[in-house]
Amino acid sequence: MTAKLRARAIKIAGTSLRVSVVTSVIGTCTGAPVYLSNRDQPSELRFCGFFAEVAGAVAGAGRPDRETSNRGFQAGYRGRVARARKDDACPGALQTHHAADGELARIRLPGGMVTAGQLEALALAAIDLGSSTLELTSRGNVQIRGVRDAEAVAERLTGAGLLPSPTHERVRNIVASPLSGRRGGLCDIRDTVLALDCAVRSDPELARLPGRFLFGIDDGTGDVSGLGADAGIHAVDDSTFAVLLAGRDTGVRLDCGAAVGELVAIARRFAGTRGSAWRVAELDDPDQLLGPLPATAPVGRTWAARTAPPVGWIEQTDGRVTLGAAVPLGVLDAQVARYLAAVDVPAAVTPWRSVLLFDLEEGVADVALRVLAPMGLVFDENSPWLSVSACTGSPGCAHSRADVRADAADAVTESGPTGGHRHYVGCDHACGSPAAATVFIATGDGYRLREPHP
């Protein structure tokens, strides 16, 4: 693959400079510009030097040596890599799922949080050992499809700190308000997310949780409480959380300091009494999970499900900027993921299949936006891509009756924006369906509709 170099003058934060633009073909992102700074680069372009190495990787150079990188795999993880058990088919990074297009590994990102180094590791694992794409899930996790060497993937993830517990890797399911502590919300829940993840990994009993069990932590904005997490907390002021079961307010109120312990206690009770139930909503009496906790507030409130991600230029309360990039149909080209990682700031994958880049100075955000926008990422809150989603479909899923991603893309091209969210699925399992979406279910000769839940 060749790359054309051309130079042009651009103005960043009031400073004119000459930069090189590498135009490369990356997946479907033809003509994506890659900015390579000159010797006197300003701070606004501090991350751009890495783009040269990325462009080299597109041409087949600059990747880590696979044989070298595969050495030193932690012995405790060998032998743990296996296909998903029949009693719980939810895949993980060590317990993969055999799909029609090969092994599928799902990597949990508690609260969606991911460092630049971890995002780079995920991208390279997908390029070297998988399908060269990263799938973003409706729980803010990441999947690698077509895995050719599951142990090598696990080694990469372990080295990046993405597999801190082999026994609990499938139960680290935590969704959280992604902009918490940076914009909006009644309290900063980032430390609560980290504390909950640590508590879950430290409790041997919770290794028995189903891979579908979901924790939710909402900072009061109401963005994730509508996702119907099995056990959740929702900030009602800067020091108090409401306890939610299956997305419903139980009337129980907790001080912030007690929230993590009670979420763990609820999860332990569920693990011990669930019988054949996979989710809290399947229990006859979910409130039994509360134990002795009394209701001190009205019971029964729920929150509307959201389907649109935060996208575009988002001003933080500290004056810095978050960039929100929606990923059409949740399929992120791994080379584009490397460009996101090159910005070298904290990031998050959201339950709405988008990526947030946090804590950017204005000048850096401006350059990053210019670089990333032509690569197929969506920064426009009015884009029709924000109102459509799809499951994997054919050919990746053997159950699917249609190539639903292609049909969803055609629908966006042909009809543009609609009055609601549309989710295309290949079979009656309707994987990944948002609660607030009209679901288009493939029948083999078309689609039948399932309206959103009231």
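Assess whether Gly393 counts as being small (Gly, Ala, Ser) and assigned to a loop (DSSP other than H, G, I, E, B). Yes: the conditions hold for Gly393. In segment 345-376, the residue that is surrounded by the fewest Cβ atoms within 10 Å (Cβ to Cβ) out of those that are among the small types (Gly, Ala, Ser) and part of a strand (DSSP E or B) is Ala348.
One residue alone among Arg170, Arg182, Arg212 is crowded, with 18+ Cβ neighbours inside 10 Å, in contact (Cβ under 8 Å) with a residue 40 or more places away in the chain, within 16 Å of the chain's Cα centre (by Cα) and part of a loop (DSSP other than H, G, I, E, B), and that residue is Arg170.
Residue check: is Ala341 closer than 24 Å to Thr221 by Cα, surrounded by 23 or more Cβ atoms within 10 Å (Cβ to Cβ), touching a residue at least 60 places away in the same chain (Cβ under 8 Å) and under 15 Å from the mean Cα position of the chain (by Cα)? Judged against the criteria, Ala341 is not a match. I'd like the full set of residues that are in contact (Cβ under 8 Å) with a residue 60 or more places away in the chain and either in contact with a helix residue (DSSP H, G or I) (Cβ under 6 Å, 6 or more places away or on another chain) or closer than 10 Å to Ala341 by Cα (or both), limited to segment 104-113. Selection gives Pro110, Gly111.
In segment 271-326, the residue that is nearest to Arg248 (Cα to Cα) out of those that are charged (D, E, K, R) and not in a loop (DSSP other than H, G, I, E, B) is Asp287.
I'm trying to understand the selection: among the residues of segment 138-167, which are part of a helix (DSSP H, G or I) and hydrophobic (A, V, I, L, M, F, W, C)? Selection gives Ala150, Ala152, Val153, Ala154, Leu157.
Would you confirm whether or not segment 377-385 contains a residue that is crowded, with 19+ Cβ neighbours inside 10 Å, closer than 29 Å to Ala116 by Cβ, of a type outside the set (Gly, Ala, Ser) and at pLDDT 95 or above? Scanning segment 377-385 turns up at least one residue that is crowded, with 19+ Cβ neighbours inside 10 Å, closer than 29 Å to Ala116 by Cβ, of a type outside the set (Gly, Ala, Ser) and at pLDDT 95 or above. If you filter segment 131-148 down to residues that are free of Cβ contacts under 8 Å to residues at least 60 places away in the same chain and over 15 Å from the mean Cα position of the chain (by Cα), you find that the one that is nearest to Asp344 (Cα to Cα) is Ser131. Please verify whether segment 226-241 includes one or more residues that are in contact with a Ser or Thr (Cβ under 7 Å, 6 or more places away or on another chain) and surrounded by 17 or more Cβ atoms within 10 Å (Cβ to Cβ). Checked segment 226-241: at least one residue is in contact with a Ser or Thr (Cβ under 7 Å, 6 or more places away or on another chain) and surrounded by 17 or more Cβ atoms within 10 Å (Cβ to Cβ).
The values are calculated or read from the model by the stated rules, or taken from the named source; none is laboratory data. For clarity, every value in this text was computed on a predicted model and none was experimentally measured. As a convention, Cβ positions derive from the backbone with ideal geometry for all residues, glycine included, and neighbour counts pool all protein chains shown.
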